[in-house]
1. Within a 10 angstrom radius of the beta carbon, how do Ile40, Ile17, Ile73 rank from fewest other beta carbons to most?
2. Provide the per-residue ³J(HN,Hα) series for the range 5-19, in order, calculated from phi with Karplus coefficients 6.51, -1.76, 1.60 and θ = phi - 60°, each as a whole number of Hz, with x at glycine and proline positions.
Amino acid sequence: MENNICHRCGKPIYELIDFGSNQDGTINTDYCHNCYVNGIFVDHGISLEEKIEKNIPPRKNNQTMNKGKKNTITV
Ligand SMILES: [Zn+2]
């Protein structure tokens, strides 16, 4: 297999699955799968993981752990 490089991000592509895909589902050997998916350029400089993280609202540090409510009230 030839040593292909993504024309967008410059990442070397070694495996077929790392290639981008055209709108018709065929492989696009000009770009990697991080840059070109289903005929559409993926947002520049952002990985899929980062995209997913963006969709998750920021976690609040709600450490409300109910450690077995033992209300030992001493009267
Ligand atoms: Zn790329």
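Coordinate-derived values only; no laboratory data. A quick note: this is a predicted structure, and the numbers were derived from the prediction, not measured. All Cβ positions, even for glycine, are placed from backbone atoms using ideal geometry, and neighbour counts span all protein chains on display.
1. Starting with the residue having the fewest Cβ neighbours, the order is Ile73, Ile17, Ile40.
2. Once rounded to whole Hz, the list reads 10, 5, 6, 9, 9, x, 6, x, 10, 10, 10, 4, 5, 7, 6.
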